[in-house]
Amino acid sequence: MGQRRLSLVDRLIGEADTVLRTLSNRGNQAARPSPAAGHSETELNEGQRKHVAGLMRVNHTGEVCAQALYQGQALTARLPTVREEMDHAAEEEVDHLVWCEERLRQLDSRPSLFNPAWYGLSFAIGAVAGAVGDKVSLGFVAATEERVCNHLKDHLKQLPEDDRKSRLILQQMLEDEERHGENALEAGGTDFPRPVKDAMTAVSGLMTKSSYWV
Ligand SMILES: [Fe+2]
Ligand SMILES: [Fe+2]
C-alpha cells in the first residue's frame, strides 16, 4: 500500500474515532475541570430537574454540532493563518461537551437520541462552508456562536436560582463562545446578512425543541 493510501486510511480512522467519541457518552476527556466541580448539589424538585436536564440536553446537542462543524470544516477548509486558533476553539468545545454530559448524568438524564442526525447535518454544513472559503467558514463559526450565546443567555435566565452547578457551566461556556465568535470575525470571517442568520436561528430552533424532549 502506498504512503498516500496509508495516510488516507489513517485520516479516515481518525475521523471515525472523533465521531464515535462524540456520540458515545464518556468518550472524551476535558482539558479543564468542570466549573461545577466542587460545588454542592442543590435540591431540585422533579419538575425542575426535568427542566434543567432538558436545557442541558439542548446545550449538549449544541456541542455535538460544534464538534461536527469543526470536523467538517477541518476536512475542507484551508484556514492556514487561523488553524491554531480554530484547533484551540475545538478543544474548548470538547470541554463543553464533557461538562454537559457529566451534568446530564448528575441530573439522572441522558443526551439526545437525535444527536447522530444533528452530527451528520452539522458535519455536512461545516464541510460545505470550508470548501467555499475561509471567509465563509469563519463567518459561519461567528454566526453559529452568536446563536449559541443567545441560547445560553436564555437558559441562564431559566435555570432555578440555586442550581449553581448548571449555572457555572453555562457561564463559562458563554464566555468561551463569545470569544470564539469574536475571534472568527477578527480573523476575517464574513458577518452574515440578517436573512441567513434568521434561517440559522430557525434550524437551531428545531434542534432545541427536539433535544429538549428526546
Ligand atoms: Fe461550545
Ligand atoms: Fe464555541
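What follows draws every value from the coordinates through simple rules; no lab data is involved. These numbers were taken from a predicted model, which means no experiment stands behind them. All Cβ positions, even for glycine, are placed from backbone atoms using ideal geometry, and neighbour counts span all protein chains on display.
Based on Cα contacts under 8 Å between residues 6+ apart, the chain shows a relative contact order of 29 percent. Taking a straight Cα-Cα cut-off under 21 Å and skipping sequence neighbours fewer than 8 places away in the same chain, the lysines within cross-link reach of Lys157 are Lys50, Lys165, Lys209.
Remark: the chain carries a charge dipole of roughly 680 debye about the Cα centre, counting +1 on each Lys and Arg Cβ and -1 on each Asp and Glu Cβ.
What number comes out for the charge environment of Val196, summing +1 per Lys or Arg and -1 per Asp or Glu over other residues with Cβ under 15 Å away?
Values: positive: Lys135, Arg147, Arg194, Lys197; negative: Glu145, Glu146, Asp191, Asp198.
With Lys, Arg at +1 and Asp, Glu at -1, the neighbours total 0.
Each principal axis of the Cα atoms in the chain has its own extent, and those three values, largest first, are 58, 43, 28 angstrom.
The orientation-averaged shadow of the Cα convex hull for segment 100-214, equal to a quarter of the hull surface, comes to 7.6 nm².
If packing is taken as the mean number of other Cβ atoms within 10 Å per residue, what is the order of 57-66, 80-89, 113-122, highest first?
Working: 57-66: 25.5, 80-89: 14.3, 113-122: 17.0.
Going from most to least packed, we get 57-66, 113-122, 80-89.
About its Cα centre, segment 150-214 has a charge dipole of approximately 260 debye under the convention of +1 per Lys or Arg Cβ and -1 per Asp or Glu Cβ, with nothing else charged.
Which three numbers, in whole Å and largest first, are the semi-axes of the equivalent ellipsoid of segment 12-102 derived from its Cα gyration tensor as √(5λ)?
Gyration-tensor ellipsoid for segment 12-102: 29, 14, 12 Å.
How much of the calculated P(r) for segment 55-153 lies past 22 Å, in percent of all Cα pairs? It works out to 28 percent of all Cα pairs. Compared with the dominant Cα axis of the chain, that is its longest principal axis, helix 3-23 is turned about 10°.
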